[in-house]
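Read the figures in this text as sums done on the coordinates, not as results from a lab. Source: prediction; values computed, not measured. Cβ: placed from backbone, ideal geometry, glycine included. Neighbour counts: every protein chain shown.
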Amino acid sequence: MTELITAETAGFCFGVTRAIETAEKTAKRLGRVYTLGQLIHNNDVIENLRERGIIPVDSPEEAEGCIIIRSHGVGRAVYDRIAELGLECVDATCPYVARIHKIVDENSRDGSDVLVAGDGSHPEVIGIMGFANGKVRAVSSDIELEELVKSDKNFGAKSLICVAQTTFDVCKWTDLQKKIKKHYTKAKFFDTICRATTDRQAEAARLSKQCDAAVVIGGAHSSNSRKLADICAENCTVFFTENAQQLIREHGEALIRFLSSYKDVKIGITAGASTPAYIIKEVHTIMSEIIKDEAVDAEFAAAIDQMPRVRAYAGNRVKATVVAVNKTEAVVDIGIKQSGYIPAEELSANPNLSPEEIVKVGDVIDCIVTKVNDADGVVYLSKKQVDAQAGMEKIVKAKEENATVNGTVTAVVKGGVIVTSEDGARVFVPASQSGVPRNGKLEDILKKEVGFKVIEVNEGRGRVVGSIKAAEREASDEVKAKFWSELEVGKKFVGEVKSMESYGVFVDLGGVDGMVHLTELTWNRVKHPKEVVSVGDKLEVTVKSFDPEKKRVSLTAKKPEDNPWTKFTNEFAVDDVVKVQVVSITPFGAFAQIIPGVDGLIHISQISRERVNDVSKVLSVGQVVEAKITEIDEEKSRVSLSIKALLDDEPDEDDAE
Ligand code: SF4
């Protein structure tokens, strides 16, 4: 007869239980709290906690109000940073870890170096190293120890303090201590592996020796769970899983094959320190069902189909059939007696869509159970979370291909914004990458559709960092390349005046700026661009010339049909007498406006019958005089005027009489 044996030490350890209780109490007090990193390595629990306002963040900068230090602990510098930011710090560091901090701090004050046996990238080890007062190194194997000895001859020369990560393999630590002693004669060792770990590991070793297979339950990133799996693997077949659903999905066939190959097997069940009791219970239930299922010898696929449904529990992924949709929710059937509800905000990451736009009656959709209310017989589900997982796969692909992903800015958070991709993935965009100017407001892009590049993905933690700025830059590069390839003299644009200088204005032609010189703004004479345009005005311009290498475009806003010279030549001819206004005085004569945009020169010799030595003595700017057009130079667009010619024409006073 096949037998199931569950380890007595399986599940939450003292430190994890304490951290979760601390977080729950704090969330109850404040409504919303942040944990520096995930409280425990278990996605089901993390999602459940998130529902209750306990949000994991990667840095103190992302938190607001209160931050909780999880059981892994952190280094001294992190405490300092939290204080600097003025955040309330609730310390849930496991007392076993805090004891190591104290050992490292106090014993390294005399200049002793510190060696930590453990995974140097694990948060607990990083935190421990953060309490050393001098040199500190982490090694997790003999090989790493040898490398350290070779690479740093001075390390540990004076004296060496040696501690181990609380979850380090007990046997490995005993072996490593012997090797350390050989190289470092002044090494001092502290027993720092926690009881919860030693007990679990010892029981896992015992259990796996008496069993044919072991189901080890733990998160993919839980080092203590992985170690339990390694220990069991030395003695029997191991099925490592995060929960019952994953066990069926990923190991279902292998389990059935295993059970059908052996008779009267013993299967052990153990779990890492971050596995909640209800998940252990679910795994136990599903294993019991598999064992007693008479279809074990039947076709694998058929057997899997006949497996009992897992009871609805938070984090469980299920197939749901939509039975009704209204404005606030979708009602679904998940094959159990309780009714399933997907609230509108859990249907899609896009807050602008109504439930009716997302699902329709009869649709079969994948959902995750978010809450079970046994008293009311109601199960709450989320489609959005499943979409987010699928979205994550697309995000990873987008990063590999450097593709731009589209999404909507759905929240402004500390240090940046959250963009929800079209496929439902939540992406953090730091303020510096948001494309909002330094003195601008992040709120201005809230609810806006944006494109972004994926710059960092941590699948395990479900963390994605994006850059709207990078996508904008790339889009702008593409636009610019297209602009230059299509540019030609005479091409017309309507662009916005972006900036103004005394010599002209810069006009946005759609990602590239062109310059309209003061003299090209209007046919009329102006002293400053502000006389005819303002920043922000739309201006119709034509390309006069351009230089793609220097990225320069010269524009004109003058239209040929408005050319005053054409008007002038149509209306006036040599010998016509015109009323003109003096617009400037020069040593050789005065310029006078005939019509707006056409000035004529009254040469100094043509002002009077008398000899004029100083033009300003006889004419002044603004003065209106009569003059005769004496010459029109079509080629140079020049007009010569003469006052004297009119005087010459006047009859002598004697003649008049
Ligand atoms: Fe504390 Fe040990 Fe649990 Fe780690 S495994 S949190 S050290 S009780």
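Observations, loosely collected:
- In the chain, a dipole from Cβ-located charges (positive for Lys and Arg, negative for Asp and Glu) runs towards its positive end, and of 223, 2, 46 it is 2 whose Cα lies farthest in that direction.
- Residues listed by number, the stretch 604-645, amide nitrogen under 18 Å from residue 579 label point at 7 Å toward C-beta: 620-629, 642-643
- Projected label distance in nm at residue 611 and residue 443, using a 7 Å step from Cα toward the beta-carbon: 7.9
- Between residue 261 and residue 288, the modelled labels are 2.7 nm apart [label points 7 Å from Cα along Cα→Cβ].
- Rounded, prolate or oblate (a/c below 1.5 giving rounded, otherwise prolate when a/b exceeds b/c) for the stretch 317-382 by Cα gyration tensor: prolate
- Qualifying lysines (Cα of each under 17 Å from Cα of residue 628; at least 8 residues distant if same chain): 579, 644
- The angle between the Cα long axis of helix 223-233 and the main principal axis of the chain comes to about 40°, on a 0 to 90 degree scale.
- Relative contact order of the chain, defined on C-alpha pairs under 8 angstrom at six or more residues apart (%): 7
- Listed residues 75, 98, 65: farthest to the positive end of the dipole of the stretch 61-101 (Cβ charges): 98
- For the set 158/227; 544/636; 179/266; 172/281; 558/636, the pairs lying more than 29 angstrom apart at their alpha carbons are 158/227; 179/266; 172/281.
- Prolate/oblate/rounded label for the stretch 564-656 (Cα gyration tensor, a/c 1.5): oblate
- Counted residue by residue at 0.36 nm each, then reduced by the alpha carbon distance between them, the extension gain from residue 532 to residue 488 reaches 13.2 nm.
- Computed E for residue 498/residue 364 - FRET, C-beta separation, R0 56 angstrom, nearest 0.05: 0.55
- Sum of -39500 (n - 2.57) over DSSP H runs of 4+, divided by residues of the chain (222 nm, nearest 500): -9500 deg cm²/dmol
- Among 503-514, 159-170, 381-392, the peptide with the highest mean count of other Cβ atoms within 10 Å heads the list, and the full ranking is 159-170, 381-392, 503-514.
- Seen against the Cα atoms of the chain and their longest principal axis, helix 244-261 is set at about 40 degrees.
- Think of each Lys and Arg Cβ as +1 and each Asp and Glu Cβ as -1; about the Cα centre, that makes the dipole of the chain roughly 3800 debye.
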